[in-house]
Structures are given as C-alpha cells and as structure tokens.
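The values are calculated or read from the model by the stated rules, or taken from the named source; none is laboratory data. Bear in mind that the values here come from a model prediction, so they are computed numbers and not experimental data. Reconstructed Cβ throughout: ideal geometry from the backbone, glycine too, with neighbour counts over all protein chains shown. When the accessible area is computed, the model is the full protein with side chains, heavy atoms only, and any ligands, DNA or RNA have been set aside. Shrake-Rupley method; radii C 1.70, N 1.55, O 1.52, S 1.80 Å.
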Amino acid sequence: MVTDTKVKKSLPQGIGRFTAGWILFFSLTTIILIVGILAFIYESQMGMTVTGMRDIGTQGGATWGLYVVMVEYFIGVSLAGLVLVAFANVFDVMSLRPISRLAVLLTAVSLTVGLMAVVIDLGNPIRGIINMFLYVRPQSAFFGTFTLVAAGVLMTSLVFLFLNGRRDAMLLVEMDPPRQWFYRLWASGYRDTDAEWERHRRVIFWLSILVGPLVVIALSTEGLVFGIQVGRPGWFGALQGPDFIVLAAASGLANLIVLTAIVRKVLDTGTSLIGSIVFKWLGGLLLAASAAALYFQIVALFTLLYATPGAERRLADALIRGPYAWIFWLGLALLVFGIVVLVVQAARGTWGVAPLVVAAVAISTSAVAERYLTVIPSQTHGMMLPYEPGYYFPTWVEFAVVAGLFAFGALVFGIFMKVFPIIPLKSRTKQEVLADA
Amino acid sequence: MRRIVTLLLVLVGLVLMVVGYLNSAPWGASSVADSNPLFAGAPTLFIVGIVVILSAPVFYELLPSRDDDRVG
C-alpha cells in the first residue's frame, strides 16, 4: 500500500509539498493580506478621510487616488495573458504552451484584484455593488468595465483555465492524489479520447478567436473612462483607449516574464519545463509593446506641450517640472532603460532570464508611474474653474490596502501551484494526434 | 443534442444581452432624466447574457457525444 507521503512526493511540480520556503511565502503573504484587510476595515469605520483623497477643487485634492491607479494597473496587466494564449492557440505556437496556464491565471487573478480595487475605492462597497447590478447605465464607460471586463474577460479566462485543465486533472486522478474528488470534479469525465481532444481543440480555437476583440473592446473602456471626459484637461482625447491597451500589453507581458522566471526558479524541474525559447518570445513581444508605449507617451506629451490653452499648459508644467516631475521622469527613464536592455538582448540574440527580469521590473514600475500620472495630475492640476492647484499623496492606509491586494494575488498563485500543475503536463501535439488517428 | 444546447445557450445569451442593454439605456430618450434603466436589474440581464454565452463552450465540451468512445 502506498502511503499518503509517498503519493504526495510523486505528484508533479511539487503539488501538495510544502518546503520551508513555501511556508515562509504563505506566512508573509497572509500577514500582509491581514494588514491590508485591517487597514480597509479601519478606513470603512473612520471614513475616507483617513486616505489622502479629498474633493477636487474645493478641498484641493483628488477623488480618485491610489486605488483607481491600481484598478488601471491590474486590469491592464490582465490583458497580456489571455491574448498571448489566444495568439498561441490560433497560430499553433507550441513554444508558448508551457506558460499558457500561468498566463491565463495571471489574467484571472489580476482582473479579480483590479475589480477588488474598484470595490475598495467605493465609500460604501455593498451599496455600490447592489446598485451597480440594479442601475448601472450603459451611457457610462464604466458599464463596459463592469460587464465586458468583469463578466466577459474574467469568465473567458476561467473557462479557458477550466477546459485546458481537464486533461491534467484526469492525469492527476490516475496518480491517486489526496482530495481526489477535486481533480475528478475538474476532469468532469474527461477520458482523452480522439473525439474529446478534437472537440477541445475546436472550442479553444474559436474561444481564442473571440478573445482578441473581446479583450481589446473591454479594456478600451478603461481608457475611455478618462478619454471621454471633456472637462478634464489631460484626459479628454482619442488616444486614451489605444494608449491604455498598449501600456496594458507592456505591463502584462512584463509581469508574465517575472512570474515565469519565478516559477522556473521555484520548480525543481523548472529549467527543463520552461525553455529559453519562452523567454525569447516574451522578450521580443515586450520589446514591441514597450516601444509602442514609449511612442504613445511621446505623442501625448508633444500634443500637451504644443500651443495648448491654459489648463492643459498648467498640467504639462506640473508633469514636467512641477510636483509630478520626479514620477514622470523616473517612469520615462525606467521605460527607456527597459527598452535598451531588451534591444541589447535582441542584438546579441541571447535572451538571458536575469536581464529580462530586470527589464520587465523596470517596465512594470514605469507602467505604475504612467497610470498614476494618468489618474492623479488631471484632478489636482487640471481644473477648468479658477481653483488653486491641489495635492494628493496616498496615506499609509491606502498603501496597506494596496499591499494587501498584491498579497492576495500572490497568495492565489501560491495556492494554485500547490494544488494544480502551473505548467501543463505533457500533452499530445498535433503530430501525435495525427499519428494516433 | 450537444450542438443544440450550445446553440440555444448562445441564442438565449444574445437575447438577454440585447434585452438587458435596450432596457438599461432607453434609446431615443429626450433628456438625461429619462435615460435611467426602464426597470431595476436590467443591466444584470446584460451581464447574465454574457455569462450564458461564455458558458456555451463548457457545455459543448462536457456534454457527451456519439463518437466519444474512440479512445486515442
């Protein structure tokens, strides 16, 4: 008879195995999550006065603060994973298969965290959620966020995750793992027949075709939230939607690279499971997306600076040499630095994991800065009415809540890795299927 | 059977989306005051419609088919 311990050891990719490092990871993320929850409870009891947010104009502040910045950031990050997997499925790019589950999970988790940030930003979350289902109006760009993003993209990523995981769940059942009912439920009767395989291939192909337009339309609404506000200098403009998508692609790919590198390092067999070709693909795509993001930034800046009327000019001054200058120049420098690192790697033809991670972290940080500059300065320095320039800086409560959101996301990834293979188990290729047939 | 269920789910989802949208944003309203959802919960119909459509692939894969017994 095989003991539980032996069975656990035989499960792939360290499922159910808790090393000291994993225990430390779970402890730290749980503590940070609890601190975030406590900070949110404190904010709920004391009111939003414990945050740095104040009324625009009359109180000289910003009503959308760090939480909305994080909404933009997290929802942006969600774009790359699902689109990348859809791209790999449609064009049959087998090299990206090892990170397909990781990518879709990144989409699902970052969307969930982004939507949590929306809810947290509401003064009264429960009332906000109930009223949203009853009265949300399609005339608002937020309608797209709550319907196409929340329901559409999140649901699509969960469907992807579920259907793509059925075969692995079936294989895990055969390994006689603990909590077998869970894997049986996930496999939901999958037997790996030719018919099932072909049906699955067909479903994933058409879902992948649907994903492109769905994700682009859904996430464009995030940019439109700002782009269609006529009376707010810095926001109104046709570039907000495309700019959001491009930066979303860059930040999403950057996060995916970091996560892929972590998974590769953490798993015993990571190096053999995730080959260097994966990083070559991700690096090349990140370079393209980052270059496009830089182009959009330059175009937006040039437009803002060139013979603009008073309010836009004041905003441009605040960005370039005013209170936001350090964020602006730091963000731009990080983006350029990341692109330079990627170009050097491309020129050498070798995509090292360490430099790629450095570039990815720089570009991701730059994306946070860019989202911050999209949301905040237009509120504090973009008034059409004759108010004095305002001020906003997040308080410890906001930082703690946001740290809690990051911890929640990390915790979900960690838990997933302990119950299911984050890298798909060896699957049948098209050639193998044809050979079988 | 499997295809009929899938098609039905897509159609039901589309109908829910259209009904939900048209009732959430009354077209031709003469003023902003008349642009509220025609009934409370109309936007939820739109959301449910999306979820129903996206659940169709799950049913398509999960429901049994005649040629399922051909083991690969």
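To the nearest 100 Å², how much accessible surface do chains B and A hide from each other in total, with a 1.4 Å probe?
For B against A, buried area totals roughly 2800 Å².
Send over the Kirkwood Rh of the stretch A:31-82, from the inverse of the averaged 1/r over different Cα pairs, rounded to one decimal Å.
13.0
So for the stretch A:1-140, taking the charge dipole from beta-carbon charges (+1 Lys/Arg, -1 Asp/Glu), which of A:Tyr67, A:Ile41, A:Leu106 sits furthest toward the positive end?
A:Leu106
Rounded to the nearest percent, how much of the accessible area of chain B (1.4 Å probe, protein heavy atoms only) is carbon and sulfur?
Within chain B, the accessible surface is 72 percent carbon and sulfur.
May I ask you to work out the translational diffusion coefficient for the stretch A:244-293 at 25 °C, viscosity 0.890 mPa s, via Stokes-Einstein with Rh from the Kirkwood sum over Cα pairs, reported in whole µm²/s?
Taking Rh from Cα pairs, D becomes 217 µm²/s.
So what are the three principal axis dimensions of the stretch A:153-221 from its Cα atoms, in whole Å, longest to shortest?
45, 27, 12
Between A:Val90 and A:Leu24, what FRET efficiency follows from the Cβ-Cβ distance if R0 is 45 Å, with the result rounded to 0.05?
0.65
Find the accessible area per residue for chain A; the probe is 1.4 Å, ligands and nucleic acids are left out, and the unit is Å².
44
Please report the equivalent ellipsoid semi-axes of the stretch A:137-291, computed as sqrt(5 x eigenvalue) of the Cα gyration tensor, largest first, in whole Å.
Those come to 36, 22, 14 Å.
Can you tell me the 0 to 90 degree angle between the C-alpha axis of helix A:154-174 and the longest principal axis of chain A, rounded to 10?
The angle comes out near 20 degrees.
If you look at just the Cα atoms of the stretch A:33-164, how large are its Rg and its Dmax in Å?
Cα radius of gyration and Dmax of the stretch A:33-164 are 17.6, 57 Å respectively.
Give me the extension gain from A:Thr49 to A:Ile130: residue separation times 0.36 nm, minus the current Cα-Cα distance, reported in nm with one decimal.
In short, 26.8 nm is gained.
Three principal axis extents, largest first, for the C-alpha atoms of the stretch A:89-191, in Å?
Principal axes ranked by extent give 49, 36, 20 Å for the Cα atoms.
Net charge near A:Glu174, counting Lys/Arg +1 and Asp/Glu -1 over other residues with Cβ under 14 Å of its Cβ?
+2
Counting only the heavy atoms of the protein chains, how much of A:Thr365 is accessible to a 1.4 Å probe, in Å² to the nearest 10?
Answer for A:Thr365: close to 70 Å² accessible.
Rounded to the nearest whole Å³, what is the per residue volume of the convex hull around the Cα atoms of chain B?
For chain B, the hull spanned by Cα atoms encloses 77 Å³ per residue.
Work the Kirkwood hydrodynamic radius out for the protein assembly as shown: mean of 1/r over every pair of different alpha-carbon atoms, inverted, in Å.
About 24.5 Å for the protein assembly as shown.
Extending each Cα 7 Å along its Cβ direction at A:Phe205 and A:Tyr306, get the distance between those two points in nm, one decimal.
4.6
When the accessible area of chain A is split by element with a 1.4 Å probe, what percent falls to carbon and sulfur?
The value for chain A is 71 percent carbon and sulfur by accessible area.
Counting other Cβ atoms within 10 Å of each Cβ, which chymotrypsin sites (Phe, Trp or Tyr not before Pro) in the stretch A:282-355 have at most 15 and sit in a DSSP loop?
Hits after loop and neighbour filter: A:Tyr306.
Could you tell me how many degrees, from 0 to 90 and to the nearest 10, lie between the Cα long axis of helix B:42-62 and the main elongation axis, the longest principal axis, of the Cα atoms of chain B?
Roughly 10 degrees between the two axes.
Have a look at the stretch A:111-150 and report residues whose accessible surface goes down by 50 Å² or more when the remaining protein chains are included, against the chain on its own, probe 1.4 Å, ligands and DNA/RNA excluded.
SASA drop of 50 Å² or more in the stretch A:111-150: A:Phe133, A:Leu134, A:Arg137, A:Pro138, A:Phe143.
Can you give the longest stretch of chain A with no exposed loop site, where a site means trypsin sites (Lys or Arg not before Pro) in a DSSP loop (not H, G, I, E or B) with at most 16 other C-beta atoms within 10 Å?
No qualifying site falls inside A:18-178, the longest such stretch.
Net charge within 15 Å of A:Gln229 by Cβ-Cβ distance, Lys/Arg positive one each and Asp/Glu negative one each, not counting A:Gln229 itself?
Here the count lands on -3.
What is the helix-to-structure angle for A:353-375, meaning the angle in degrees between its Cα long axis and the longest Cα principal axis of chain A, kept from 0 to 90 and rounded to the nearest 10?
40
Provide a whole-number value for the mean count of partner chain Cβ atoms within 10 Å of the Cβ atoms in peptide B:52-63.
Per residue, the number of nearby Cβ atoms from other chains is 6 on average.
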